[in-house]
Amino acid sequence: MTNFFDIHADIAELRAELAECILTRRERAATLQRLEALLAEVARLQKEEEA
């Protein structure tokens, strides 16, 4: 099972990268895509935990 701490650390890192780094359009799109995937994973895991 994936560790929630690891996922949240990755999310925080991606958010910081988006806020602080100069990224190309491709890099920004890839970062946003990864962030959205992690957020969806957190939502899925929370839903599983509630069931």
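If the elastic network links every pair of Cα atoms under 10 Å, which of Arg26, Arg34, Arg15 fluctuates the most in the Gaussian network model of the chain? Largest GNM mean-square fluctuation: Arg26. Shown for the chain: the carbon plus sulfur share of the solvent-accessible area, taken with all protein chains present and a 1.4 angstrom probe, equals 53%.
Calculated from the structure at hand, Rg and Dmax of the Cα atoms in Å is found among (1) 14.7, 47; (2) 12.5, 41; (3) 15.4, 50 as (2). Each stretch of four or more DSSP H residues adds -39500 (n - 2.57); spread over every residue of the chain, this sum gives -29500 deg cm²/dmol at 222 nm. Surface analysis of the chain yields an accessible area of 83 Å² per residue, using protein heavy atoms and a 1.4 Å probe. Between 0 and 90 degrees, the angle of helix 4-20 with respect to the longest Cα principal axis of the chain falls at about 20 degrees.
With each label modelled as a point 7 angstrom along the Cα→C-beta vector, the Glu20-Asp6 pair spans 2.3 nm.
The values are calculated or read from the model by the stated rules, or taken from the named source; none is laboratory data. Keep in mind it's a predicted model, so treat the numbers as computed, not measured. All Cβ positions, glycine included, derive from the backbone under ideal geometry; neighbour counts span all protein chains shown. In case anyone asks, the SASA skips ligands and DNA or RNA and just uses the protein heavy atoms, side chains included. Shrake-Rupley method; radii C 1.70, N 1.55, O 1.52, S 1.80 Å.
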